[in-house]
Amino acid sequence: MSSGAADLRQRKKQNCTESDKMAPEERNKENSKLGRSPKYMLIQRFAKLFFGCLAAVTSGMMYAVYLSTYHERKFWFSSRQELEREITFQGDSAIYYSFYKELLKAPSFERGVYELTHNNKTVSLKTINAVQQMTLYPELIASVLYQASGSEEVIEPVYFYIGIVFGLQGIYVTALFVTSWVMSGTWLAGMLTVAWFIINRTDTTRIDYSIPSRENWALPYFACQVAALTGYLKKNLNCSAEKFCYLLVNASTYTFMMMWEYSHYLLFVQAVSLFLLDSFALAQREKVHEVYRIYLFSLIVGYLLQFENSALLVSPLLSLVVALMLSRSLQMNMKKSAFVSRLLKIMYIYLVLTVAVTLNFLLKMFIPHKENEHLLKFIEVKLGLNTTKNFTMNWLLCQESLQAPSQDFFLRLTQSSLLPFYILVLIICLFSVTQVIFRRICGEPLKETVKLEDGRIGERPEIVYHVIHTILLGCLAMCLEGMKYLWTPYVCMLAAFGVCSPELWMTLFKWLRLKAVHPILLALILSMAVPTIIGFSLWKEFFPRIMTELTELQEFYDPDTVELMTWIKRQAPVAAVFAGSPQLMGVIKLCTGWMVSSLPLYNDDDLLKRNENIYQIYSKRSAEDIYKILTSYKANFLVIEDSICNEVGPVRGCRVKDLLDVANGHVVCEEGDNYAYSKYGRFCHEIKMNYSPYVNYFTRVYWNRSYFVYRINTVISFQS
C-alpha cells in the first residue's frame, strides 16, 4: 500500500513538472506561428488577468454596496432607533443576532463563549449549547472582529454585523464571476453571470428576507470552493496554480463546514458529481481523490469543533467518501489483467454504492444520533411513503420553501432570458459529454489538450463536473422551492459560460457540419456577439427597475410590535418567562432579553415538541389544558397574536389552527368533507371574552390591535 501511495505521489510530481514544461513550449510554438514575441504575449496575458480581476472585485464591491443601499431604502435603517432596527430581524434571524449582542455585552470573549455553550437564560427549564445547536461560529467571528478592530467607537454593532454579511455576498458574486471566467476564458462571462444573478435576485439569494441566516454566511465560502475546484480540475494546469487551487479548496471547504449545519449535505451532492466524473474516467483520478481526502479531514475537523456532532459521523458524505477510498484501495492492490480491469470498471459504481449504503446503515445503528431524524421523517412524508397527522411535519410541509417551485419561478427566469440559454448550453454540453463517455467505453483515450477546432467541450473535466452538479441541484430544486437558492446561482454561471465560450459554439457547429462559413471564425464572433446582445437587452429592460428599487423609499414600520416590546421592557419582571408563537419569541428574546419558552428552531426534538405544545393556544382545548401546558414550562406571560388566531390563509388546510385541529383529532373527514368537532371553543377566541373559567387562569394585562398579553395566574381564583 505504501509503495502504491509513493507511486501516486511520484506520478503527481511528474505530471506537474511535465505540464510546467509543456505549457511554455506550446505557447512559444503558437507565438512563433502568429509572429508575436514572448514579451508581447506576457504583457497581453498580464493585462487580461489584471482587468479581469479588477472587474471581478469591482462587481463584488458594487453588489455589496447595492445590497446595503437597498436595505437602507427598504427599512430606513439609519433613521430608526435600536429597537425598531432589531424588529426587522424576524424568526431565527432574531435569535442569531441576539447571541451576537450577548457576546458583545460579555465582560470578555472567553466568558461570552462559556455563557453560550452553557446557556440557561434563553429557554426556560433548558440549558443548551447554543454554539453547537445553532452553529454560532459566524457570530463568534463577527464579535471577535468587532472588538479586535476597535470598531466600537466607529460603527454600531448592527451595522458591522450586516456589513460583514453584505461583504460576504460580494465575495459570493466575485467567486461566481471567477468560476465563469475560468471556464470560458473571458471575463465577459463573469460580467454576464453577475448581471443575471442580480436581475434574478429574488431566486438567487434570501438576503432580502433573512440577513443572519446560516446560508448567507456559508454559501459565499462554498462558491469560493467551487471556483477553486473548477481551476483544480482543469487539464495542463501549471504547478503553482494547481497548488493555489488545492489550498483554496482546503480552506474554503473547512470554513463552509463550520458555517452551516447542513453544509455536509451540499458537499455530498458535490461528492456524487465528482464520483460520476471519476467513474467514467473523465478527470485525473488523483485530483478527485485528493478532494475526497479534503472532505474526510473537513468532517473530522467539523466533528471536533462542533462539540462531537454525531450528525457528521452518520452523514451520507462520510459513508460515500470512505466507500470511495476503500474501492480505490481495492483497485490499486489487485493484479490487473485486461479482463479484470474492464470488470472492475463495470463493477466500480455498484461496489461504491453498496459499500456506502451498508456503511451508513451500520453507523446509524451503532452511533446515537437524533439531530436530523426529523429530516428523514419529513422526506418520507414528502415523497408519499408515509402519512402523518403530526402538527410539526404538516406545518413544515405547508411552508412555501418546502413546496414544489411555482410557475412564477420559471416565468421570471424565462423573462430574464436565463432559462432558455441555460437549457441550450446544458443540452449541448450533455450531448458532448455523452459522446465522450461512449468513446471512453469503446476504449478511446482522452486528448491531453483539447483545441478549439476539435469541438469537444465534453472532454473538459471542469465542464463535465458543472453539468452534473447543476443537474443534481436542479433535481432538488424541482422538489423543494427553497433549494432554488442553491441551484439558480450556478444556472447563471453555466449559462453565461456557455454563450461566451467559443468551444461550445464550435461543438455545435461540428455537429451541424457548417461549410458555408469558417466554423472557428463564426464561433469566435458568436462568443462575443451573443453575450453583448444579451447584455444590452438586460441593461435596457432591467437597469431602470433596479435604479427604481434604489431610489424609491419603502416604509417598514410595525408600531404594534414596537409597543409590545416597549411594554415588556418597562412593565414585565426581569425574571418573567414569555410564551407564544416561536417566531414572536425570537423577536422578544432579541429586543428585550427576557427568557422565552420556545424558539423558532427545528433541529432539536425537545424544541419541536415545545413549539407544538405552546401552539395549542390556537387550538380547541380547555383553559385548564392550556394552563397546565404553560405552567409546565414555567411561563409567566402568554402572548396571543391576532394574525394567527384570525388567520385567513390562501390554503385552508395549512393555517396553524387547521393543522392543530387535525393533530388533535378535532376534524373528522367523511366522504371528502371535513367536520370540526370539539366541546371547547378555540382558546385564542374564548380567552378574549373574559368569562370563567378563562379569567380564573389568565389575567389580561396589555393589548393592542395585534397582540393580547395575559399574566398566567399563580393562584387560581374560581370566582365567576
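Numerical summary
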item: Calculated FRET value between M347 and V144, using beta carbons and R₀ = 60 Å, to 0.05; result: 0.75
item: Exposed GluC sites (Glu not before Pro) absent - longest run of the chain, DSSP non-H/G/I/E/B, at most 12 other C-beta within 10 Å; result: 1-307
item: Length released on extending from A47 to F438, taking residue separation times 0.36 nm less the Cα-Cα span; result: 136.7 nm
item: Set of the stretch 613-637 residues, backbone N closer than 11 Å to the point 7 Å along the Cα-Cβ line of R711; result: 637
item: Accessible surface, the stretch 165-551, averaged per residue in Å² (probe 1.4 Å); result: 44
item: Å² per residue, accessible surface of the stretch 559-712 at 1.4 Å; result: 43
item: Accessible carbon and sulfur surface of the stretch 165-551 relative to its total accessible area, %, 1.4 Å; result: 69
item: Percent accessible area from carbon and sulfur atoms, the stretch 559-712, protein chains only, probe 1.4 Å; result: 50
item: Where a label projected 7 Å from the Cα of A241 along Cα→Cβ would reach, residues of the stretch 170-195 with amide N under 19 Å; result: 175-191
item: Helical mean residue ellipticity (222 nm; -39500 (n - 2.57) per DSSP H run of 4+; nearest 500) of the chain; result: -22000 deg cm²/dmol
item: Subset of K382/K679; K101/K569; K382/K609 violating a 23 Å alpha-carbon distance limit; result: K382/K679
item: Span-rule helices in the chain, defined as complete DSSP H runs reaching 27 Å or more along the axis (Cα) with Kyte mean at least 0.0; result: 38-75, 157-184, 214-233, 239-259, 285-305, 338-366, 418-441, 461-479, 519-551
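The values are calculated or read from the model by the stated rules, or taken from the named source; none is laboratory data. Just so it is clear, the model here is predicted, and its values are computed rather than measured. As a convention, Cβ positions derive from the backbone with ideal geometry for all residues, glycine included, and neighbour counts pool all protein chains shown. Note: areas computed on protein heavy atoms with side chains; ligands, DNA, RNA excluded. Shrake-Rupley method; radii C 1.70, N 1.55, O 1.52, S 1.80 Å.
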